[in-house]
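Participant: Pasting in a structure now, in structure tokens, and then I'll have a few things to ask.
Please treat every number below as a calculation from the coordinates, not as lab data. Note that the coordinates shown come from a computational prediction; the quantities given were computed from them, not determined experimentally. Reconstructed Cβ throughout: ideal geometry from the backbone, glycine too, with neighbour counts over all protein chains shown.
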Amino acid sequence: MLGILGKLLLSLALIISLMTVLFYLMKKFHLPSELFRSPTANIKIYEKLQIQPKKAIYLVKVLNKILVLGISESSFTVLTEINDPEFVRALDEIYFSEDSKNGKLFKFKA
């Protein structure tokens with residue numbers, strides 16, 4: 001009886017440890033979080049550019065606006081706001097099309 005319970009607890013501890021390591025690596029290396037996000041979400045992150053440790057610039061879509069945000073450890077600033085519908089549509093096509101998910105942003109004719 002104790003042997004089975006010991007194996008069960010050891011297996012559970014191993015699974016929890018592996019999940020913790022996986023989530024840590026995803027956060028550390030900024031693996032695609034779109035896997036966990038709803039495709040109909042009203043907020044989408046197009047791009048992140050790390051400019052210094054704990055300082056970055058984000059390109060974010062909120063509803064039908066594009067925001068360029070400066071993010072630091074203690075604050076964030078809206079650097080600019082883009083309301084042009086054509087620009088928003090173009091970014092959606094670049095970042096969220098099926099081709100971009102497959103690593104094929106540009107179509108070449110042979």
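Participant: List, please: which pairs have Cβ atoms under 7 Å, are six or more places apart or on different chains, and start with a residue in region 59-77 that is within 14 Å of Leu49 (Cα to Cα) and end with one that is outside any strand (DSSP E or B)?
Facilitator: Ser72/Lys54
Participant: I need the full set of residues from region 52-70 which are more than 24 Å from Ala90 (Cβ to Cβ) and part of a strand (DSSP E or B), in order please. Working first, answer last.
Facilitator: In the first step, residues of region 52-70 are kept if they are more than 24 Å from Ala90 (Cβ to Cβ); the result is 52-55.
Within region 52-70, Gln52, Lys55 qualify.
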